[in-house]
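Undergrad: My questions all concern the structure below.
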Amino acid sequence: TASETDLSALYDLVYQIVVIETETKNKTALGSGFQISADGLVITNYHVISNYIFEPDHHAIEYVQYDGEKGELSLVYFDVINDLAVLQRDEPPSEHLSLATDVPSLGERIYALGNPRDVGMLMVSGAYNGLADYSYTNQILFSGSLNPGMSGGPSVNKAGQVVGVNVATAGSQLSFLVPVSKVYELIENVTEPLQSEGYTAHISSQVKHFQDDYFSQLLA
């Protein structure tokens, strides 16, 4: 972990995530991600790599490190409801980000990292404002400006521990993060990697389960 004055050390631990169309080599999606284990598990958003999920035979997922090193990633698991995905990096470095176990206090300053608009790594600071009211899924209100390309990057506390995953912005210093608790739940569900032929069935199963639970609450 890093001290509050040494958060720039985290830049080396955050990746740009790129989805490539394999025939043309064109980039079809850009986002961010971060390694959470010594064996190379990497977290990003589902929407960042959704092109690959729907056409795995025509796309590949790559990472780009802060120093420019590149490599391929494989998809392990995803959560379409909470917009999360787990990727695997082969021969990873041992250094990685740690997940926070404590929820930040209201008003506590946190820091979002990511690679916006393919221009380089950026850190944005803002306040933790708790969970958004009237949300179908739990999301953190963050008073900082996330930008396209920062999706899937980590938001960390002053100790450098991940408290949320960047997911969306509404502009005017209003952004949203997926709570780190959803990352814990996701990796607990990973028993073995999903097979590409089962991706769409996995989406259908998750959406149906969410709908059933949601309508049960409405009817109650």
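The values are calculated or read from the model by the stated rules, or taken from the named source; none is laboratory data. These numbers come from a predicted model, not from an experiment. In this analysis, Cβ positions are derived from the backbone assuming ideal geometry, glycine residues included, and neighbour counts consider all displayed protein chains. For the accessible areas, the whole protein counts, side chains as well, though only heavy atoms, and no ligand, DNA or RNA atoms are used. Shrake-Rupley method; radii C 1.70, N 1.55, O 1.52, S 1.80 Å.
Undergrad: Name every residue in region 197-220 that is within 24 Å of the chain's Cα centre (by Cα) and among the polar types (S, T, N, Q), in order of residue number.
TA: Passing the criteria: Thr200, Ser204, Ser205, Gln206, Gln211.
Undergrad: With Ala29, Ala38, Ala9 as the choices, which residue is in a strand (DSSP E or B), farther than 24 Å from Lys208 by Cα and out of contact with any Phe, Trp or Tyr (no Cβ under 7 Å at 6 or more places or on another chain)?
TA: Ala29
Undergrad: Something else: Being closer than 29 Å to Lys158 by Cα and in a strand (DSSP E or B) narrows it down to one of Leu97, Leu87, so name that one.
TA: Leu87
Undergrad: Still on this structure, please answer the following. Across region 30-60, what is the total count of residues that are more than 23 Å from Ser8 (Cβ to Cβ), open to solvent by less than 60 Å² (accessible area, probe 1.4 Å) and under 14 Å from the mean Cα position of the chain (by Cα)?
TA: Total meeting the criteria: 6.
Undergrad: Restricting to region 50-64, count the residues that are in a strand (DSSP E or B) and either closer than 17 Å to Ser151 by Cα or of a type in the set (Gly, Ala, Ser) (or both).
TA: So the count comes out to 5.
Undergrad: Moving on. Are any residues in region 150-159 over 13 Å from Arg109 (Cβ atoms) and either out of contact with any strand residue (DSSP E or B) (no Cβ under 8 Å at 6 or more places or on another chain) or open to solvent by less than 10 Å² (accessible area, probe 1.4 Å) (or both), and if so, which ones?
TA: Within region 150-159, Met150, Gly152, Gly153, Pro154 qualify.
Undergrad: Evaluate region 81-98: report whether one residue or more is out of contact with any Leu (no Cβ under 8 Å at 6 or more places or on another chain), within 25 Å of Asp6 (Cα to Cα) and modelled with pLDDT of 95 or more.
TA: The answer is yes, given that some residue of region 81-98 is out of contact with any Leu (no Cβ under 8 Å at 6 or more places or on another chain), within 25 Å of Asp6 (Cα to Cα) and modelled with pLDDT of 95 or more.
Undergrad: When the residues of region 71-116 are filtered to those that are open to solvent by 40 Å² or more (accessible area, probe 1.4 Å) and among the hydrophobic types (A, V, I, L, M, F, W, C), which remaining residue is farthest from the chain's Cα centre (by Cα)?
TA: Among those that are open to solvent by 40 Å² or more (accessible area, probe 1.4 Å) and among the hydrophobic types (A, V, I, L, M, F, W, C), it is Leu106.
Undergrad: Between Asp67, Asp39, Asp83, which is within 15 Å of Ser151 (Cα to Cα) and of a type in the set (D, E, K, R)?
TA: Just a single option satisfies the conditions, and that option is Asp83.
Undergrad: List the number of the failed condition for His47; all other conditions in (1) touching a helix residue (DSSP H, G or I) at 6+ places or on another chain (Cβ under 8 Å); (2) assigned to a loop (DSSP other than H, G, I, E, B) hold.
TA: (1) is the only condition that His47 fails.
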